[in-house]
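Scroll down for the structure; my scribbles are underneath it.
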Amino acid sequence: MSLADPRLFAHRLVVLDTETTGLDALGDDRVVEIGAVELIGCLPSGREFHSYLNPGRAMPAAAERVHGLSDAFLADKPTFAEIAGDLVSFLGDSSLVIHNAAFDIGFLNAELLRCGLAPVTWDRALCTVELARRRLPGARHSLDALCERYAIDRSARVRHGALLDAQLLARVYLELLGGAQICLSLTPPVASGQAQGALGDAAALPDYSGRQPPAHAPTPAEREAHAAFIARLRDPLWATAGAGGAA
C-alpha cells in the first residue's frame, strides 16, 4: 500500500519491543520484559501494554548490562504464561511495528508456542530497520541513531527498556513515514475494497471514491465584484494583463 493512502492512517497498529536473557529464542533464553504501544492513525492512542517477566532462569551478566534487569528484580514478576492472554488480547490482529522484527517475533512466537498459543504470523510485522534502510540508504539504522537523526529526545534511555523503546519507536516510525505531514497528499484516495495486505480490511473503512472535488472557479457574482474592486485602483497591475483583471 502507498504511504499516501489515507486508509493507512485510520488503521490500528501496535509498536512492540522485548528485552530478553540473550539471543537464542529457541534455546534457553527467555523474554524478560515486553512493551507495546497502540497507534491509531499512526499516532499513540494512550493505550499501552507493559510487563516485566520472570524467565525462570538466571540472568546472564552480559544481558543485564544491556537492560539492567537482575535476578532479584525479576524474582517476583509473573511468568510469560501468566500474562500471555492479556498480551494476545492487546495485540489483537493488528500489524506490529518492530525494530528488527525477526528478533522480537522469534522470541514472542517461541514463548507463545510454549504456552500452547498460536504464533504471530510474519506477514503482520512491519520492520522499521527494513523501512529505514529503504528510506535512508547508507545511514545508521539503530534506534539511537534514528532518534538522533529526527531530534527525538532519548535522554531517558540510559539502558534498553521495552516500553520506553516502543514509545521512542512509535515516534521514529511516524518520521520514517514522512513526519507530521504524512496525510498531506495530492493523490486521490484509493477506493475501498482494494487489497491492502497486512494493513487490514479496506471494506471496514470509508469509501471516498464517489466524492466530488470542490469547485474552485469564481462565480459570475465574484468575477463582477472583483472587476469592480480593480476598477477603483490606480494603474492596477492586473489591467496590463488584458482580461486577466476579471479572471
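The charge dipole of segment 43-192, taken about its Cα centre with unit charges on the Cβ of Lys, Arg, Asp and Glu (plus for the first two, minus for the last two), comes to roughly 440 debye. Highest mean packing comes first when the peptides 122-132, 52-62 are listed by Cβ atoms within 10 Å, giving 122-132, 52-62. In segment 68-114, the alpha-carbon atoms span a convex hull of 110 Å³ per residue. Packing, as the average of other Cβ atoms within 10 Å across residues, places the peptides 89-102, 71-84 in the order 89-102, 71-84, highest first.
Sequentially through segment 16-22, phi angles give Karplus couplings (6.51, -1.76, 1.60; θ = phi - 60°) of 10, 8, 10, 10, 9, 7, x Hz, Gly and Pro residues having no value and appearing as x. Note on segment 1-115: dipole from Cβ charges, positive end direction compared against Ser51, Thr21, Ala36; the farthest Cα belongs to Ala36. Annotation: amide H of Glu33 within the under-5 Å range of Glu19, Leu53, sequence separation 5 or more or interchain, hydrogens built in the peptide plane. Round to a whole number: what % of the accessible area of segment 38-100 belongs to carbon and sulfur, probe 1.4 Å? Carbon and sulfur: 52 percent of the exposed surface of segment 38-100.
Residues whose amide H lies under 5 Å from that of Ala125, counting only those 5 or more places away or on a different chain, are Leu96; hydrogens are built 1.01 Å from N in the peptide plane.
Taken along its three principal axes, the alpha carbon spread of segment 41-142 comes to 42, 32, 27 Å, from the longest extent down to the shortest.
The values are calculated or read from the model by the stated rules, or taken from the named source; none is laboratory data. Source: prediction; values computed, not measured. Cβ: placed from backbone, ideal geometry, glycine included. Neighbour counts: every protein chain shown. Heavy atoms of the whole protein, side chains included, go into the accessibility calculation; ligands, DNA and RNA do not. Shrake-Rupley method; radii C 1.70, N 1.55, O 1.52, S 1.80 Å.
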